[in-house]
Amino acid sequence: MDMKTSQKGFTLLEVLIAMTILSVGILGIAGLAGTAVKTSGHSQAMSQANNLAQKRLEALLSVDYLNIEVDDSTTPLTELRRDCAQTDATVSRPEFTCTPLTATETIGNRVFRWDYKVTYIDLNGNGTANPSQDGLKRVDLNVYWTDTLWHIEKSVTVTTMRSRG
């Protein structure tokens, strides 16, 4: 019997090529798994931040329209006790930044902090934004956290308009 025709199987080269192709496939799948874990953590943090922003924004709706950008350290709702300062004195769009006295909240293993900015809107177009005359304020609520994977600060901003009355 001839040795060439009677032996069946794979050559060493065929086995090496098959192992290389298999390794590349497994590495690709492992990379996708890592990306899925990263994306899942980021999505969870974004959802938690959005929920916290909505919760804080709804609490701010209980603050009187004329006092939303005013210091308050005595309100019964401790989450709404705040220090506010005017950060832009432009007459057409004055801005006030407010920092809550208890500005952090821990959800799961993440620490979130929040603040908000109030901007007067010149609704009647006379060049001067006056909350008593124009009756409209923009509230931008920001929630910040440090991304645990990349160690950089991320944020979410939720905006609403408050009207007098």
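The values are calculated or read from the model by the stated rules, or taken from the named source; none is laboratory data. All values derive from a computational prediction rather than experimental measurement. Glycine also receives a Cβ, built like all others from the backbone with ideal geometry; neighbour counts cover every protein chain displayed.
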Unique match (being touching a helix residue (DSSP H, G or I) at 6+ places or on another chain (Cβ under 9 Å), over 16 Å from Ala129 (Cβ atoms), polar (S, T, N, Q) and modelled with pLDDT under 95) among Thr102, Thr74, Thr78:
Thr102
Could you go through region 143-159 and let me know if any residue there is loosely packed, with under 14 Cβ neighbours inside 10 Å and charged (D, E, K, R).
yes
Filtered residue count, region 97-139, keeping only those that are in a strand (DSSP E or B) and either over 26 Å from Ser155 (Cα atoms) or more than 25 Å from the chain's Cα centre (by Cα) (or both):
1
Of the criteria (1) surrounded by fewer than 12 Cβ atoms within 10 Å (Cβ to Cβ); (2) over 23 Å from Glu153 (Cβ atoms), which one Pro94 fails
(1)
Looking only at region 102-119, which residues are in contact with an Asp or Glu (Cβ under 7 Å, 6 or more places away or on another chain) and in contact (Cβ under 8 Å) with a residue 24 or more places away in the chain?
Thr102, Phe112, Tyr116, Lys117, Val118, Thr119
Name every residue in region 106-134 that is in contact with a helix residue (DSSP H, G or I) (Cβ under 9 Å, 6 or more places away or on another chain), within 26 Å of Lys55 (Cβ to Cβ) and not aliphatic (A, V, I, L, M), in order of residue number.
Gly108, Arg110, Phe112, Trp114, Tyr116, Pro131
Out of (1) surrounded by 10 or more Cβ atoms within 10 Å (Cβ to Cβ); (2) of a type in the set (Val, Ile, Thr); (3) free of Cβ contacts under 8 Å to residues at least 12 places away in the same chain, the odd one out for Val63 is which?
(3)
Arg56 fails exactly one of (1) modelled with pLDDT under 80; (2) of a type in the set (Lys, Arg); (3) in contact with a strand residue (DSSP E or B) (Cβ under 8 Å, 6 or more places away or on another chain), namely (1)
